[in-house]
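A.B. asks: Got a structure for you, written out below as structure tokens; questions coming shortly.
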Amino acid sequence: MQKESLRIHCSNGHLGFAPTKEESFWIGAETKPDYYCCDSGSDDIGPVPLGADKCASHPEWQKHDLELMLLAARKQGVPMIIGSAGDTGSDSRVDMYVGFIRELAKKHNLPKFKLAYFYSEIDKELVRGRMKAGEEIEGLDGRHSLTFEELDATDRIVAVAGVHPFIKALELGADVIIGGRSSDCAVFAAPAIYEGFPENIAYYCGKVLECASFCAEPYGAKETVIGTITKDDVKVTAMAPFQRCTVASVAGHAMYERTNPYYEYVAGGMMDMTECVYEQYDEKTCRITNPKFVPIEGKIKVKLEGSGKVGERFMGLAGIRDPYTIKNIDKVIQWAKDQVEERFAGTDYKLSYRIFGKNGVMGDLEPVKETKSHELMVIVEGVAPTATAAEEITMIGTRQIFYARLPEVKGTAGTAAFIIDEVAPISAAYEWTLDHTVTVDDPLELFPVTLIEIE
Amino acid sequence: MKTMKLVDLAKTIRSKNAGTDRITFDIIFREKAEYDLVRNSGALTKGTVAVLFGIPEDRIVDFVEFDPAYAIKFTINRLRPSGSYGEGDIFGCQQYPPLLDVEIPVE
């Protein structure tokens, strides 16, 4: 029999990225929600984690957050759903989360349960095959259609799942679902659709819950919110004692992180929030009615994210205090760049300077043109095909700030202050190479679902 | 003419990635009065924002008013995707401060 209402618990807008706050988690858990859901990934973190196939989050935080959800969900005997495992949703991150769940189940001696997981990585040869067959891989956000060069420069691609693999997993009877890369809102919309609620309500519920307490006020991340839906409305309630979901906070969140506040696209259609009505339902709850969902006509389009390696990378730091040097900082940087060019001209290297105290944060967007700081920090980033070259480039680029030749400088013993007289290896440089869509006949074809038992 | 700074009229002024290639800016007001005052002032338009950030207008891909949240929202193209080498703000969340000091005529 279909439920008249459904309650979904969301404790973290990016599970593992910073630890879930426990007090509001348990306040929410005590109300016995029907599902525990969290998204655990984002493309916010830049292209390095996907390209290098690693996490941006600390494994102890990921385990902490998964443990809370797993214990609460298993105690109650209700499903727990995770999307975009391990920040990127790559296959290795899904396997890692499945391993964490196994480990936690053993630690707590949990009775056996069913776990479904799905992958979302796709082989770039599959994309190449489609392109060779004449299919256009359409770009998003103003990008042109994918070229073979861009595909060649790509190391790893994930497809972004909609509700389909999650629904499939629920149909298989999964108690715990670990998803590859997914639309944030699909993690919440899937159980709602599976339980028979209308798509417009299901997707809006996902939209409002996906960032947990970001839809509440005052500002405070990593606190639990609960979404309650009926066939006609969505209600979202803050669980933290100090927070409320208000018309302002919920409507304000509806436009968060998106170009346009009225529309959002997922695999399978588009949310239209143009005619949403927001009202204060009780002190901690905002009620939303009248969201729309427009299913796509024709084949479903699935978003692809891809990251490609640019080169090995080192970083150097140089402080500057002499006001004359600060005034001439552009000449100093040019000098250092010239020294690198002298040695590496004709090779494939990249050298970047960010000058904090001048325009380090905003770069070309910085309207403040006059540098008034009494000190500067120069961050040097050198990228090259080999680590040896990247190290040398960064070292020259940093150390030559120390040897900059300025005609009237008083401090002739060195024009930079070093915190460390070395350069540091950091993650290789990557770039987002794909932000495109591919069409599919079957929305499950890119997301194979596997069911296992954990005992 | 009497003016007030946007920071003293708005409840929230923020910037954040909208996908890998764009940064979106939200200016949210507590009351309709302030929202109306600012959007009718002509001080915050595609044109003034382009001048403020020193970018051509065509880098601003969307500029909308969002009544349910009493919000003005605009989005700009990044020159390179977030997190490329030479990045200064991977999340795009520290690009809003120039908006704080925008002077809004209040009478």
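The values are calculated or read from the model by the stated rules, or taken from the named source; none is laboratory data. Bear in mind the structure is a predicted one, so any value in this text is a computation, not a measurement. All Cβ positions, glycine included, derive from the backbone under ideal geometry; neighbour counts span all protein chains shown.
A.B. asks: If residue B:107 satisfies every condition in (1) touching a residue at least 60 places away in the same chain (Cβ under 8 Å); (2) within 30 Å of residue A:427 (Cα to Cα); (3) out of contact with any Leu (no Cβ under 8 Å at 6 or more places or on another chain); (4) assigned to a loop (DSSP other than H, G, I, E, B) but one, which is the exception?
C.D. replies: It is condition (2) that residue B:107 fails.
A.B. asks: Counting only residues that are in a loop (DSSP other than H, G, I, E, B) and at the interface with chain B (Cβ under 8 Å from one of its Cβ atoms), how many does segment A:241-266 have?
C.D. replies: Final tally of qualifying residues: 8.
For (1) surrounded by 15 or more Cβ atoms within 10 Å (Cβ to Cβ); (2) within 15 Å of residue A:318 (Cβ to Cβ), each residue gets a yes or a no:
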site	(1), (2)
A:375	no, yes
A:378	yes, yes
A:382	yes, yes
A:405	no, no
A:419	no, yes
A:423	yes, yes
A:426	no, no
A:434	yes, no
A:437	yes, no
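A.B. asks: In the set A:154, A:147, which member is within 14 Å of chain B (Cβ to nearest Cβ) and either crowded, with 16+ Cβ neighbours inside 10 Å or not hydrophobic (A, V, I, L, M, F, W, C) (or both)?
C.D. replies: So the residue among A:154, A:147 that is within 14 Å of chain B (Cβ to nearest Cβ) and either crowded, with 16+ Cβ neighbours inside 10 Å or not hydrophobic (A, V, I, L, M, F, W, C) (or both) is A:154.
A.B. asks: Hey, among A:299, A:372, A:331, A:327, which residue is among the basic types (Lys, Arg) and either within 14 Å of chain B (Cβ to nearest Cβ) or under 30 Å from residue B:19 (Cα atoms) (or both)?
C.D. replies: A:299
A.B. asks: Could you please let me know if residue A:152 is under 23 Å from the mean Cα position of the chain (by Cα), of a type in the set (Asp, Glu) and assigned by TED's automatic domain parsing to the domain that holds residue A:78?
C.D. replies: When the stated conditions are applied, residue A:152 does not pass them.
A.B. asks: Given the criteria closer than 30 Å to residue A:440 by Cα, within 11 Å of another protein chain (Cβ to nearest Cβ), under 34 Å from the mean Cα position of the chain (by Cα) and in a strand (DSSP E or B), does residue A:311 qualify?
C.D. replies: For residue A:311, the condition - closer than 30 Å to residue A:440 by Cα, within 11 Å of another protein chain (Cβ to nearest Cβ), under 34 Å from the mean Cα position of the chain (by Cα) and in a strand (DSSP E or B) - is not met.
A.B. asks: Still on this structure: Given the criteria assigned to a loop (DSSP other than H, G, I, E, B) and within 22 Å of residue A:424 (Cβ to Cβ), does residue A:346 qualify?
C.D. replies: No, not satisfied.
A.B. asks: Could you give me the residue pairs with C-beta distances under 8 Å whose first residue belongs to segment A:86-114 and is among the aromatic types (Phe, Trp, Tyr), whose second residue is part of a helix (DSSP H, G or I) and at pLDDT 95 or above wherever it lies, and which are 6+ apart or on separate chains?
C.D. replies: Cβ pairs passing all conditions: A:97/A:62; A:97/A:66; A:100/A:59; A:100/A:62; A:100/A:63; A:100/A:66; A:113/A:74; A:113/A:105.
A.B. asks: I need a count of the residues in segment A:352-369 that are at the interface with another protein chain (Cβ under 9 Å from one of its Cβ atoms) and touching a residue at least 24 places away in the same chain (Cβ under 8 Å).
C.D. replies: Residues meeting the conditions: 3.
A.B. asks: Only one of A:231, A:222 is away from chain B (no Cβ under 11 Å), surrounded by fewer than 19 Cβ atoms within 10 Å (Cβ to Cβ) and in contact (Cβ under 8 Å) with a residue 12 or more places away in the chain. Can you tell me which?
C.D. replies: The match here is A:231.
A.B. asks: Using the structure shown, decide if residue A:371 is assigned to a loop (DSSP other than H, G, I, E, B) and among the polar types (S, T, N, Q).
C.D. replies: yes
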